[in-house]
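Following: one structure in C-alpha cells, then a few remarks.
The values are calculated or read from the model by the stated rules, or taken from the named source; none is laboratory data. These numbers were taken from a predicted model, which means no experiment stands behind them. FYI the Cβ positions are ideal-geometry reconstructions off the backbone, even for glycines, and counts take in every protein chain you see.
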C-alpha cells in the first residue's frame, strides 16, 4: 500500500523539479556564450597592429595624418580575424575595419 503512494509521489517530484534543472543548464550555456564573445574582441595597442594594417593606414590619404585612438582585434562569425581601428578626425570619432592582410573592409548595407 505504501508503494502505491511513494512511486507516484517520486514521479511527481521528478517531473516538478525537471524545469529547475533545465533552466540551470540554459544559464550555464549563456555564461559560456558570453565568455566566448568576450574572447572574440581583444583591445590592441596601436603600435602592435599587424604591419600590413599599419602600412594600409599610412598609405591611405584619409587616415595617414589621423591619430589612432583605439584598436580592437575581432573575430567574425566565420572565425576570420579583422581589426577595428578608431581614429580622431578633428575631434570626431571615425572607424575603419581592416582584415589581417591590411585590406579595408567596406561595410555593405542591405535594404
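Some notes on this structure:
- Among all residues of the stretch 46-58, there is none that is part of a strand (DSSP E or B) and modelled with pLDDT of 90 or more.
- Leading residue by the ranking (nearest to the chain's Cα centre (by Cα)) among those in the stretch 60-75 that are modelled with pLDDT of 90 or more and not in a loop (DSSP other than H, G, I, E, B): 74
Conditions (1) at pLDDT 90 or above; (2) touching a helix residue (DSSP H, G or I) at 6+ places or on another chain (Cβ under 8 Å), marked per residue:
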| residue | (1), (2) |
| --- | --- |
| 32 | no, no |
| 37 | no, no |
| 44 | yes, no |
| 85 | yes, yes |
| 91 | no, no |
| 99 | yes, no |
